[in-house]
Amino acid sequence: MRRSARDEAHAQRTAPAPKRVPDRTEDPAARRGHAQPEHPSDVLALRGAAGNAAVTAVIQRMQAPGVKRKRSGSPEDREPSKQARADRSSSSEEEYSSEESETSSEEEREEPFSAEVMRQIANDQARVTELLERMDEQAAPEHIKRVAEDKVAVLSLLRNLTPLRSVETVREAIRLVGQKPDSATKTKYLARLDAQLTYLAEEFPSSGPPTAETLQAMWPRLVPAFGSTGGQVGQDGCEDRAHAVCLAVARHAPAIAAHHLSKHWATSAGARLHADHQWNHHVAASVTTPSGVLVIDPVFSRSGPIELGEWAARVQVDKDRNVHRTAWGFLGKPGPGNRPDANSAVEYTPSS
């Protein structure tokens, strides 16, 4: 017996929804959450007309799938249905609303370069480095290798500047990343660096430059960093000592570190610095105060900070020509123009 149009419509409405058939073309490695090493022929296949598509494929196979930020609540903590809310008492609704607001506030305060993000950056750096090694072994095209090399350069820069708790350091990182060729990596991390600037401004707002009295009161908390190089103060190791002092300031006074802390480098015009020490260069942490720049350098003062002019005189260098201010997040010596470059972003390893 033929069914009427009405019967047909009823059958379509009541028929079960078709089950989703898994996409058999889906990359098995992506489902497992990590990339598998490619066969050597995969790298060689990137030659010629493959071009940008091949570059993208190589990098995507290397990368772990993007991890979405995990919400702080479990499934049971999520917002209930409208019907469930209607069944709750008014007091329960108010309590839930308060808890939800606190959760949202905590999520908004998440640092763009949190410890978890930095771990992901380190993992990505290791995977791309391994990919580059396979490319070298298989003589991959240079234009494809350059894409991977640029990615490693950006990841290494960001990793070596950890923690990005200085506005000046973040701005220098934006400048250096911005010099790289256009890529998804460049776009992603420029946006994240811009978000870090907002994070620092909101979480550690500046109330103005600290006074000399503020630094003097902080001094006892900085003393443990003076011997961070593993040797006696005055020996080689000024780079590590200055960085350890900056990190100590960031721990105890994050707003000062974010907005008013720097490093001052004394560079040589040919002759060695300081008749006794014979340095190639010298560096120390410095803080901008309402009365000028004060330098934290236990080589010349173990009791408190000293003025920049006095510091330059003790280093025996011309303050106007051979003393340069840099962002404190860079461990290494500044590059051309006395500004930090990629080589200035050296990983800091505290001495045990």
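The values are calculated or read from the model by the stated rules, or taken from the named source; none is laboratory data. Keep in mind that what you see is a predicted model, and the values were worked out from it rather than measured. Here the Cβ positions follow ideal geometry from the backbone for every residue, glycine too, while neighbour counts run over all protein chains shown. Just the protein is used for accessible areas: all its heavy atoms, side chains included, with ligands, DNA and RNA removed. Shrake-Rupley method; radii C 1.70, N 1.55, O 1.52, S 1.80 Å.
Results, tabulated for the structure shown:
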item: Where only C-alpha atoms are counted, convex hull volume of the range 157-312 per residue in Å³; result: 126 Å³
item: For the range 266-352: rounded, prolate or oblate by the Cα gyration tensor [a/c cutoff 1.5]; result: rounded
item: Carbon + sulfur, % of accessible area of the range 251-352 - ligands and nucleic acids excluded, 1.4 Å; result: 45 percent
item: Karplus-derived 3J(HN,Hα), 6.51/-1.76/1.60, for each residue of the range 322-331, Hz, glycine and proline x; result: 10, 10, 9, 8, 9, 5, 6, x, 8, 6
item: Where the range 179-338 is the region considered: accessible area per residue in Å², 1.4 Å probe; result: 46 Å²
item: Dipole magnitude of the range 200-352, debye to nearest 20 (Cβ charges: Lys/Arg +1, Asp/Glu -1, about Cα centre); result: 140 debye
